[in-house]
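A short write-up of the structure that comes next.
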Amino acid sequence: MTDLAIQRVVIVGGGTAGWMAAAGLARILGQQCAIRLVESEQIGTIGVGESTVPHLKLFNDLLGVDDVNFVKQTQGTFKLGTQFVNWGRIGDCYMHGFGTLGHDISLLPFHQFWLKARRLGFAEELGAYSLHTMAGPRGKFTPSVTNAPQNSPLADIAYAYHFDAGLYARFLRGYAERLGVRRTEGKVVDVRRRGEDGFVEAVVLESGENLEGDLFLDCSGFRGLLIEQTLRVGYEDWSHWLPCNSAVAVSCETAGPPTPYVRCTAHQAGWQWRIPLQNRIGNGYVYSNRHISDDEATATLLKHLDGRVIGEPRVLRFTAGQRRKPWDKNVVAMGLAAGFVEPLESTTIYMVQSAITRLTKLWPRRDCSEVLRDRYNAQAAFEIERIRDFIILHFCATERDDTPFWDYCRTMDIPEPLADNIRLFRDSGRFYRDAEELFALPSWVEVMIGQRILPRTWHPVVDQFSDADLKKLMEDVQRVIAACVEAMPAHQAFLDQHCKANA
């Protein structure tokens, strides 16, 4: 079967998705096949994915990249979670942290005990029992402390990164090229396909050069140059549930120490992100242009910046949804070419990483077995649809009716799996993670509670604990969390000492 092995991989498009794929496959496959990436500086990249989830550290570990060098090279900072402002009601503020909530007791999650303690009046807000949600707003950060006691919250700290997406792509490009990936500058003007099965044989560049391959990765962004413009697999539109279809993005000067979290603030017709880097702050307003004009959105964004504007605001258009088949024939779409869910929970880069992992586990021979393709597509659909539902939760679980946009979000129909999750949680605080979906129980609990979905009761086993025991549990957990936060260094101090970027 060696004569059927994939020997040539062609990646169409650079940016974060293209260079992540190039670096990851070069690391995993070694010299097994030649990898070629074609990109055009004329086309450019979107470059708004500057925030991540903790899984990216696994990708960095796979590449053998250490945090210090990575953060230095990308002007990066660290991230403990996301702060949400004005989502449930105007004036509300809560954190979705990456860590655990308290600690489980008798196989029950901590929030079940918190529900009763809160009803009895001797529990603080839920965030008081999470290291991440307490440390973030106080500007504290540290990675896991190696000499901390095993049961200490400091012993296992999940964290992610903020970084400059352009610098990240450049960082990965250097890494990939050192492993033998060849980059070609050029614009694809035509695609050659085999007559008998429609597989892609080559992409034709404006220069006339033909880049032949056995497997093609489409990282061309929303255009979907191969997966859609050539193979026409179709696109499933989710704008009914995710009505935002535009974004305006701009950077501004820093204003004080960078926060170790992203802030997402709900506005009139969408929401604004604030991503702190070492040398600037990335900002954007994701909105529905059916409810607000581009000019109004831009004015709103500029009004809510922390510092002087850097560069000109850029307006982007998108449609939330997924390709019906992200892998068709011998073309695999990754990144924006495969689908898009707005970056409210920083999942864009994660989905690229996940696609790379999924593809390597289902790595084909040159015939690209339909069995492998079907399994890949089913797993990809499951993953993005569960992420979609988690994002929809932020919009539908609102009490806001102050604008037509929020009134629509509050009253819209939602996918039945999400509706079922909400019913179950509202009944007695239960949530069950489905297989390998990205967001675990603490994430769903923090967002549901943060957006005022309050269970009517709690698990009956909690009633075996006396009120005094419940009160002591809350006090003990809160005391431990507070002591750990106090022991953590300031985020800025950690950056200055370990991974300060060059000016």
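The values are calculated or read from the model by the stated rules, or taken from the named source; none is laboratory data. The model shown is predicted, which means the values in this text are computed figures rather than measured ones. Here the Cβ is made from the backbone with ideal geometry for all residues, glycine too, and neighbour counts use every protein chain on show.
Looking only at segment 430-456, filter to residues that are surrounded by 14 or more Cβ atoms within 10 Å (Cβ to Cβ) and over 18 Å from TYR94 (Cα atoms); which one of those is nearest to the chain's Cα centre (by Cα)? If you could, list the steps in order and put the result at the bottom.
We begin by selecting, within segment 430-456, every residue surrounded by 14 or more Cβ atoms within 10 Å (Cβ to Cβ); these are 430-431, 437-439, 441-453, 455.
So of that shortlist, the ones also over 18 Å from TYR94 (Cα atoms) come out as 430-431, 437-438.
Values: ARG430: 25, PHE431: 21, GLU437: 13, LEU438: 10 Å.
For segment 430-456, the residue satisfying everything is LEU438.
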message = I need a count of the residues in segment 153-194 that are assigned to a helix (DSSP H, G or I), under 26 Å from ILE227 (Cα atoms) and over 24 Å from the mean Cα position of the chain (by Cα).
response = 1
note = The correct count of residues that are over 16 Å from ALA123 (Cβ atoms), surrounded by 15 or more Cβ atoms within 10 Å (Cβ to Cβ) and of a type in the set (A, V, I, L, M, F, W, C) in segment 463-492 is 4
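Taking the criterion of being touching a Lys or Arg at 6+ places or on another chain (Cβ under 8 Å), among the polar types (S, T, N, Q), assigned to a helix (DSSP H, G or I) and in contact (Cβ under 8 Å) with a residue 24 or more places away in the chain, would at least one residue in segment 420-439 satisfy it? Before the answer, list the steps.
Taking segment 420-439 and keeping what is touching a Lys or Arg at 6+ places or on another chain (Cβ under 8 Å), we get 424, 426-428, 434, 437-439.
Still in the list and also among the polar types (S, T, N, Q): 428.
Remaining after also requiring assigned to a helix (DSSP H, G or I): 428.
With the extra rule that they be in contact (Cβ under 8 Å) with a residue 24 or more places away in the chain, the set shrinks to 428.
Within segment 420-439, one or more residues are touching a Lys or Arg at 6+ places or on another chain (Cβ under 8 Å), among the polar types (S, T, N, Q), assigned to a helix (DSSP H, G or I) and in contact (Cβ under 8 Å) with a residue 24 or more places away in the chain.
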key: Evaluation of GLY174 against (1) free of Cβ contacts under 8 Å to residues at least 60 places away in the same chain; (2) surrounded by fewer than 16 Cβ atoms within 10 Å (Cβ to Cβ); (3) not assigned by TED's automatic domain parsing to the domain that holds THR348 (one fails), failing number   = (3)
query = Taking segment 450-462, which residues are in a helix (DSSP H, G or I) and farther than 17 Å from GLY121 by Cβ?
reply = GLY450, PRO460, VAL461
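From the list ARG323, ARG314, pick out the single residue that is more than 30 Å from ASP367 (Cα to Cα) and of a type in the set (Lys, Arg). Outline the logic, then answer.
Working: ARG323 fails: more than 30 Å from ASP367 (Cα to Cα).
Just one listed residue meets the conditions, ARG314.
Taking GLY180 as the residue in question, decide whether it is of a type in the set (Gly, Ala, Ser), in contact (Cβ under 8 Å) with a residue 24 or more places away in the chain and in contact with a strand residue (DSSP E or B) (Cβ under 9 Å, 6 or more places away or on another chain). Show your work before the answer.
Working: of a type in the set (Gly, Ala, Ser): yes; in contact (Cβ under 8 Å) with a residue 24 or more places away in the chain: yes; in contact with a strand residue (DSSP E or B) (Cβ under 9 Å, 6 or more places away or on another chain): yes.
Yes: the conditions hold for GLY180.
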request  = Output the number of residues of segment 215-231 satisfying the condition of being surrounded by fewer than 20 Cβ atoms within 10 Å (Cβ to Cβ) and closer than 13 Å to ASP328 by Cα.
outcome  = 1
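Each row is one residue, and each column tells you yes or no for (1) among the β-branched types (Val, Ile, Thr); (2) touching a Gly at 6+ places or on another chain (Cβ under 8 Å); (3) modelled with pLDDT of 95 or more.
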site: ARG36; (1), (2), (3): no, yes, yes
site: GLN42; (1), (2), (3): no, no, no
site: GLU50; (1), (2), (3): no, yes, no
site: LYS57; (1), (2), (3): no, no, no
site: LYS72; (1), (2), (3): no, no, no
ask   = Counting just the residues of segment 465-474 that are touching a residue at least 12 places away in the same chain (Cβ under 8 Å) and either in a helix (DSSP H, G or I) or outside the structural domain of ARG118 (by TED's automatic domain parsing) (or both), which one comes out farthest from the chain's Cα centre (by Cα)?
value = ASP467
GLY234 vs. criteria touching a residue at least 60 places away in the same chain (Cβ under 8 Å) and crowded, with 19+ Cβ neighbours inside 10 Å = no
ask   = If you check ASN210 against the conditions, is it surrounded by 19 or more Cβ atoms within 10 Å (Cβ to Cβ) and without any contact (Cβ under 8 Å) to a residue 60 or more places away in the chain?
value = no
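For segment 378-397, state whether one or more residues are of a type outside the set (A, V, I, L, M, F, W, C) and surrounded by fewer than 17 Cβ atoms within 10 Å (Cβ to Cβ). Give the steps one after another, and end with the answer.
The initial filter retains those residues of segment 378-397 that are of a type outside the set (A, V, I, L, M, F, W, C), namely 379, 383, 385-386, 388-389, 394.
Filter once more, keeping what is surrounded by fewer than 17 Cβ atoms within 10 Å (Cβ to Cβ): none.
For segment 378-397, residues of a type outside the set (A, V, I, L, M, F, W, C) and surrounded by fewer than 17 Cβ atoms within 10 Å (Cβ to Cβ): absent.
Per-residue answers, yes or no, for (1) part of a loop (DSSP other than H, G, I, E, B); (2) more than 20 Å from PHE199 (Cα to Cα):
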site: PRO364; (1), (2): yes, no
site: ARG373; (1), (2): no, no
site: PHE390; (1), (2): no, yes
site: LEU393; (1), (2): no, yes
site: ARG400; (1), (2): yes, yes
ask   = Can you name the condition, by its number, that ARG89 falls short on among (1) modelled with pLDDT of 95 or more; (2) in contact with a strand residue (DSSP E or B) (Cβ under 9 Å, 6 or more places away or on another chain); (3) of a type outside the set (A, V, I, L, M); (4) under 30 Å from ILE281 (Cβ atoms)?
value = (2)
Flag for ARG365 being among the basic types (Lys, Arg), surrounded by fewer than 21 Cβ atoms within 10 Å (Cβ to Cβ) and touching a strand residue (DSSP E or B) at 6+ places or on another chain (Cβ under 9 Å) = no
message = I need the full set of residues from segment 234-268 which are touching a strand residue (DSSP E or B) at 6+ places or on another chain (Cβ under 8 Å) and of a type in the set (A, V, I, L, M, F, W, C), in order please.
response = TRP238, CYS244, ALA247, VAL248, ALA249, VAL250, CYS252, ALA255, VAL262, CYS264, ALA266
query = Would you say ARG290 is within 30 Å of GLY91 (Cα to Cα), out of contact with any strand residue (DSSP E or B) (no Cβ under 9 Å at 6 or more places or on another chain) and either in a loop (DSSP other than H, G, I, E, B) or not acidic (Asp, Glu) (or both)?
reply = yes
ask   = Of these, GLN31, GLN112, which one is within 30 Å of ALA123 (Cα to Cα) and either in contact with a Phe, Trp or Tyr (Cβ under 8 Å, 6 or more places away or on another chain) or surrounded by fewer than 24 Cβ atoms within 10 Å (Cβ to Cβ) (or both)?
value = GLN112
